[in-house]
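Structure first, then comments.
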Amino acid sequence: MLEGLRLSYGASSRLQRIAPDRNLQFQEWSIPAGTPIGMSTALLHHNEKNFPDSHEFIPERWLDPEKRKHLEKYMVSFNKGSRQCVGMNLARSEILLALPNIVRRLDLELYETTREDVTLAHDLFLPFAREGRKGVRVLVG
């Protein structure tokens with residue numbers, strides 16, 4: 001589930017935060033009060049330092065408990081802190097309950113779908129593939 005969430009960002013735009021009343025210090029940089037700062041989900045989830053071969057679906061990267069603990073710090077599919085999605089636990093529960101039932105009960109086959117149909121090409125707050133792509137299409141048997 002975590003690898004799927006990592007590769008399918010909800011909001012892909014940078015969600016900014018501002019420290020209105022004080023300067024922030026990050027390593028050797030001083031960030032003046034009132035300066036918008038932020039990082040997009042896509043950039044965090046494709047940081048090769050934390051997620052080698054970041055554009056590949058590698059669910060095994062989450063199996064080792066120590067590595068998983070480290071990687072979860074950089075998982076922001078539902079954002080973090082005061083801006084975390086209030087429906088995160090419901091969404092995860094639905095994924096854990098519904099997805100296995102769908103896969104087990106239905107005969108699914110990808111239909112005319114390639115990686116380009118889902119690769120992030122445009123960031124319009126939500127992620128979009130290249131114009132003209134049709135997204136994931138599935139035959140249900």
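FYI, it's all coordinate maths here, none of it is from the lab. Just so we're clear, the structure is a prediction, and the values are computed from it rather than from any experiment. For neighbour counting, all protein chains shown are included, and Cβ atoms are generated from backbone atoms with ideal geometry for every residue, glycine included.
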Check: If one computes the Cα centroid of region 51-75 and of region 26-43, what distance in Å separates the two points?
Finding: 24 Å
Check: Looking at the P(r) of the chain, how many percent of alpha-carbon pairs lie beyond 22 Å?
Finding: 53 percent
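Per-residue counts of other Cβ atoms within 10 Å, averaged by peptide: what ranking do you get for 53-63, 98-108, highest first? Don't skip to the end; give the middle numbers.
Working: 53-63: 12.3, 98-108: 9.7.
Ranked by mean Cβ neighbours within 10 Å, highest first: 53-63, 98-108.
Measure up K49/K73; K67/K134; K80/K134 against 24 Å on the Cα-Cα distance and list the ones that go over. Show your work: numbers first, answer last.
On the way: K49/K73 13 Å; K67/K134 35 Å; K80/K134 31 Å.
Going by Cα-Cα distance, K67/K134; K80/K134 fall outside the 24 Å limit.
Defining a contact as two alpha carbons under 8 Å apart and six or more residues distant in sequence, what relative contact order in percent does region 20-74 show? If you can, show how the numbers build up before the last one.
On the way: 32 pairs, mean separation 11.5, N = 55.
Over region 20-74, the number comes to 21 percent.
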Note to self: Between 0 and 90 degrees, rounded to the nearest ten: what's the tilt of helix 88-105 against the longest Cα principal axis of the chain?
What the structure shows: 20 degrees
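Counting pairs of Cα atoms in region 79-141, how many percent are more than 16 Å apart? Write out the running numbers ahead of the final one.
On the way: 1280 of 1953 pairs.
Beyond 16 Å sits 66 percent of the P(r) for region 79-141.
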